[in-house]
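The values are calculated or read from the model by the stated rules, or taken from the named source; none is laboratory data. For clarity, every value in this text was computed on a predicted model and none was experimentally measured. Cβ coordinates were reconstructed from backbone atoms using ideal geometry, including for glycine residues, and neighbour counts include every protein chain displayed.
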Amino acid sequence: MRRRAAVIAYDISSNRRRRRVFRILKQWRLDAQYSVFECRLTRAEAEELFLQLTDILDHETDFLLLAWLDGGRKAVGLTRCARPGFRMPVWYVG
C-alpha cells in the first residue's frame, strides 16, 4: 500500500486524555504543531492509529479528525480569505 499525506487534528477536553493521545501520535513519529499532526500513512496504518486513539477519547466531549490531503494540489497558506479545499475526512469522531 502506498502512503498518503494526511492531517490529524484533535480537540480534547481532558489534559490526561490529551497527553495520552499526544504520546501515541509521537510514538508514530508524526510531526506536530500543537494539536495538528501532519503525516504520511497507509489506509491500514490510519485505521490502526484511529483504533488506538478512539479507545482513549470521551465521545461526548472530544473530537478527532483525519483528513487526507490531495497530493495534486499546490500548498496554500491559510489566511482569513484562503479556501484550502480539504477533502472529506475519512473518520470523524465526536
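Observations on the model:
- Counting only residues that are in a strand (DSSP E or B) and farther than 27 Å from MET1 by Cα, the range 34-64 holds 1 of them.
- Residues in the range 1-29 that are touching a residue at least 12 places away in the same chain (Cβ under 8 Å), surrounded by fewer than 17 Cβ atoms within 10 Å (Cβ to Cβ) and assigned to a loop (DSSP other than H, G, I, E, B): 6 in all.
- Checked against (1) surrounded by 10 or more Cβ atoms within 10 Å (Cβ to Cβ); (2) at pLDDT 75 or above; (3) of a type outside the set (Phe, Trp, Tyr); (4) over 12 Å from ALA6 (Cβ atoms), VAL76 meets all criteria but (2).
- Scan of the range 43-59 for residues that are of a type in the set (A, V, I, L, M, F, W, C) and exposed (fewer than 13 other Cβ atoms within 10 Å of the Cβ), ordered by number: ALA44, LEU51
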